[in-house]
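The values are calculated or read from the model by the stated rules, or taken from the named source; none is laboratory data. Nothing here was measured: the structure is a model prediction, and the numbers come from that model. Cβ atoms come from the backbone with ideal geometry, glycine included; neighbour counts cover every protein chain shown.
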Amino acid sequence: MARAGKSFRRGWASGVAAVGLLLLAGCGGIPAGALQLPPESPANRQRQTRTFDGITEPALLAASAAVLQDLGFVLDESETGLGVIVASKRRSARNAGEIAGKVLLGLLALQGPQPWAEAQNIRVSIVTRPAGGEFPGRVLLRATFQRVVYDSAQRIILRQQLNDDELYTAFFARLAQGVFLEARPL
Amino acid sequence: MNRTAMVLAGCALAGLPGCVSGPNEKIFDAGSGQAQLRSVQSRTFARADPERTLRATIATLQDLGFVIDKADAVLGTVSGTKLAGYEVRMTVSVLPRGPGQVLVRANAQFNGIKAIEDPKPYQDFFAALEKSLFLNEQPAP
């Protein structure tokens, strides 16, 4: 009996220690290199940037805002003086296959349905700058997208920058149509 | 073994209140060594004007994987968020400091709850900003 009590206390203390240490780990620090230029930085810049000739910065920003509105984004911030527009939209992140899998897994484990990806916040910032120098009529535009995905219990399950080639190619094609100009790579 | 587990449990529980505290003390909590931290977070650049430095700051944040949240040319501030499994939010302010000089101050927080006080991330940021300012001096493509 005394042995069972001792074993229970040991188990309880170990459990509390594990939970406490896990919670403390949530207060952990920034990963090394988080603010270092990554090796893929030039490739990302190339993917996310296009140059436009024969247009002013404000006109290109206005066209970008119009394209974002066409895509269902809501404008959050703008600072024309620095060539910045920020927009976002919240959309479903549901995937029928994933939901079916999570429900099945829950049933098999006798735990009820497990949380699945439910919604996502997508944000984009558009930044323009004049090329200047020998190219007075040229404007560079860089777009960067990111998203936060929430599960069906409203917990964050994914935070990522979007670096898909197709996304940027499609976005710049829409923008080029909007300004009737060619969007050229860097 | 039992005693070790109990000590660990005690330490862990004693540490938990540090993560759950009232608002007032946290509003005025600037972390340890405020003057030293300000020095780590600040850098003066010569041969730079505020607008060019702000634009270089925005470009640097984008190079580092940030999406810009806000920018204000009059206040000289830019904020951005980086998402890479974790979240880093950063505000950078640019202030004129005499002719041809600007003071850049950056502060950042990690995963929404923790101020970044380690000098290394700020050194990395300023190294990247310096590179961007230098690149912007080169002829455009």
(request) Just give me the residues in region A:83-141 being more than 10 Å from chain B (Cβ to nearest Cβ), of a type in the set (G, A, S) and either free of Cβ contacts under 8 Å to residues at least 60 places away in the same chain or surrounded by 13 or more Cβ atoms within 10 Å (Cβ to Cβ) (or both), in sequence order. (result) A:A87, A:S92, A:A93, A:A96, A:G97, A:A100, A:G101, A:G106, A:A109, A:G112, A:A117, A:A119
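Given the condition farther than 26 Å from A:R94 by Cα and either surrounded by fewer than 17 Cβ atoms within 10 Å (Cβ to Cβ) or acidic (D, E) (or both), answer yes or no: does some residue in region A:155-163 qualify? Quick ask: steps written out before the conclusion?
Here is the first cut: in region A:155-163, the ones farther than 26 Å from A:R94 by Cα are none.
Checking region A:155-163: not a single residue is farther than 26 Å from A:R94 by Cα and either surrounded by fewer than 17 Cβ atoms within 10 Å (Cβ to Cβ) or acidic (D, E) (or both).
Of the residues B:A127, B:A115, only one is modelled with pLDDT of 95 or more and surrounded by fewer than 17 Cβ atoms within 10 Å (Cβ to Cβ); which?
Checking each option against the conditions leaves just B:A127.
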(request) Please give the number of the condition B:G112 fails out of (1) at positive phi; (2) more than 9 Å from chain A (Cβ to nearest Cβ); (3) in contact with a Phe, Trp or Tyr (Cβ under 6 Å, 6 or more places away or on another chain). (result) (3)
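Here is a yes/no grid of residues against (1) in a helix (DSSP H, G or I); (2) more than 11 Å from every other protein chain (Cβ to nearest Cβ):
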residue: B:K26; (1), (2): yes, yes
residue: B:F45; (1), (2): no, yes
residue: B:A56; (1), (2): yes, no
residue: B:L75; (1), (2): no, no
residue: B:S79; (1), (2): no, no
residue: B:K82; (1), (2): no, no
(request) Taking A:A131 as the residue in question, decide whether it is more than 18 Å from B:I58 (Cβ to Cβ) and aliphatic (A, V, I, L, M). (result) no
(message) Contact list please: Cβ distance under 9 Å, first residue in region A:151-166 and without any contact (Cβ under 8 Å) to a residue 12 or more places away in the chain, second residue in a helix (DSSP H, G or I), pairs at least six apart or on different chains.
(response) A:D164/A:R47
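Looking only at region B:58-73, how many residues end up being assigned to a helix (DSSP H, G or I), of a type in the set (A, V, I, L, M) and either facing another protein chain (nearest Cβ under 7 Å) or within 14 Å of the chain's Cα centre (by Cα) (or both)? Steps first, please.
Taking region B:58-73 first, the residues assigned to a helix (DSSP H, G or I) are B:58-63.
Filter again for of a type in the set (A, V, I, L, M), leaving B:58-59, B:61.
Subset that is either facing another protein chain (nearest Cβ under 7 Å) or within 14 Å of the chain's Cα centre (by Cα) (or both): B:58, B:61.
Residues in region B:58-73 being assigned to a helix (DSSP H, G or I), of a type in the set (A, V, I, L, M) and either facing another protein chain (nearest Cβ under 7 Å) or within 14 Å of the chain's Cα centre (by Cα) (or both): 2 in total.
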(request) Could you list, in sequence order, all residues of region A:142-154 that are within 20 Å of A:R94 (Cα to Cα) and either crowded, with 20+ Cβ neighbours inside 10 Å or not charged (D, E, K, R) (or both)? (result) A:F145, A:Q146, A:R147, A:V148, A:V149, A:Y150, A:S152, A:A153, A:Q154
